[in-house]
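What follows is a set of notes on a single structure, which appears directly below.
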Amino acid sequence: MGRPNAGKSTLTNAIVGQKIAITSNKPQTTRHVIRGILHRPDAQLVLVDTPGLHRPRTLLGQRLNDLVREVWSEVDVIGVCFPADEPIGRGDRFISSEMNALKATVIAVVTKVDLVDPQTLAQRLLAVSELYDFAEIVPVSAVSGHQVEALTDVMVRHMPESPQLYPDDVLTDEPEQVLIGELIREAALEGVRDELPHSIAVMVEEMLVEGNLTKIYADLYVERDSQKSIVIGTRGVRLKEVGTRARTEIEQLLGRRVYLDLHVRVAKEWQRDPKQLRKLGF
Ligand SMILES: Nc1nc2c(ncn2[C@@H]2O[C@H](COP(=O)(O)OP(=O)(O)OP(=O)(O)O)[C@@H](O)[C@H]2O)c(=O)[nH]1
Ligand SMILES: [Mg+2]
């Protein structure tokens, strides 16, 4: 867990060894709870990637925070992520103060250490140690791989004994259709700014297998007509780029050729509307 953009999903992917969660440099990329499984000879780690905890401005934001808090009570170890390239802020202090009430072992993970010099890292580690009495503090880089294995060792050390929970070949509990929708949203997030990333949602409506081709029909939702024009771009150029980017990723995931049909629709103010939120799976 951690505030938005702290590097939680990138780290989850690095530990699992496969992309199961989408990532972006926009805050609040993750919108649901994603389980990733690491299989080791001595242990099985079920990683639970959560949305970034933040001060909510919409009903969606509230729902996302609720999801995070639900997870806290279900896990054995909580890794709180702090990005090394940003100073400790009010959000981090707020999150740490909530850890007191929890049963789980709480460790601190200082992420993105490849972005800072040793002196800055030392300062960050000190600041983190003063926030809360963490059981351990582990600096890592998901991008360079530095200390990722050491982090998994630490987590395994704090795991209770348990029967194996997932079969050997399962890396995530994400349904294929959800993963595909997420890959489309990730492609759509690239290059958009301000409020627009928050307004984008994707639903895969239909998947048809025809020979060695998979046909995918998906709707990309925005909240206003003006956003629709931005997403589509002049003569559809942007939407076409998004489709191409997403299709490449989906083909990699499925290992099959893909035809992707993307429609942009307006769902007015969906982030604040309980009925629309339900329709979009929140
Ligand atoms: N250089 C560097 N960048 C990283 C590292 N980990 C994550 N990032 C970048 O940080 C940004 C945010 O990463 P995410 O993994 O999406 O962050 P998150 O905590 O899951 O964010 P939310 O889902 O919005 O809460 C992305 O642009 C990543 O590429 C790292 O170890 N090194
Ligand atoms: Mg994330």
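The values are calculated or read from the model by the stated rules, or taken from the named source; none is laboratory data. Because the structure is predicted, anything quoted here is derived from the model rather than measured. Here the Cβ is made from the backbone with ideal geometry for all residues, glycine too, and neighbour counts use every protein chain on show. Just the protein is used for accessible areas: all its heavy atoms, side chains included, with ligands, DNA and RNA removed. Shrake-Rupley method; radii C 1.70, N 1.55, O 1.52, S 1.80 Å.
Key figures
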| read-out | value |
| --- | --- |
| Residue that is touching a Ser or Thr at 6+ places or on another chain (Cβ under 7 Å) and surrounded by fewer than 19 Cβ atoms within 10 Å (Cβ to Cβ), where the choices are Arg278, Arg272 | Arg272 |
| Long-range neighbours under 7 Å by Cβ, at least six apart or interchain, first residue assigned by TED's automatic domain parsing to the domain that holds Ser199 and in a helix (DSSP H, G or I) within region 223-236, second surrounded by 15 or more Cβ atoms within 10 Å (Cβ to Cβ) and small (Gly, Ala, Ser) | Gln227/Ser199; Val231/Ala188 |
| Among the candidates Leu131, Leu102, residue that is more than 16 Å from ligand 1 (Cβ to nearest atom) and surrounded by 17 or more Cβ atoms within 10 Å (Cβ to Cβ) | Leu131 |
| In region 191-222, residue least open to solvent (accessible area, probe 1.4 Å) [restricted to those that are of a type in the set (Ser, Thr, Tyr) and part of a strand (DSSP E or B)] | Thr214 |
| Residue in region 73-84 that is over 27 Å from Glu161 (Cα atoms), under 17 Å from the mean Cα position of the chain (by Cα), in contact (Cβ under 8 Å) with a residue 12 or more places away in the chain and open to solvent by less than 20 Å² (accessible area, probe 1.4 Å) present | yes |
| Qualifying residues in region 223-253 (those that are hydrophobic (A, V, I, L, M, F, W, C) and touching a strand residue (DSSP E or B) at 6+ places or on another chain (Cβ under 9 Å)) - the one farthest from Gln177 (Cα to Cα) | Ile230 |
| Of all residues in region 28-70 being of a type in the set (Val, Ile, Thr) and away from ligand 1 (no atom under 13 Å from the Cβ), the one that is most open to solvent (accessible area, probe 1.4 Å) | Val46 |
| Residue count, region 71-94 (criterion: among the aliphatic types (A, V, I, L, M) and away from ligand 1 (no atom under 15 Å from the Cβ)) | 3 |
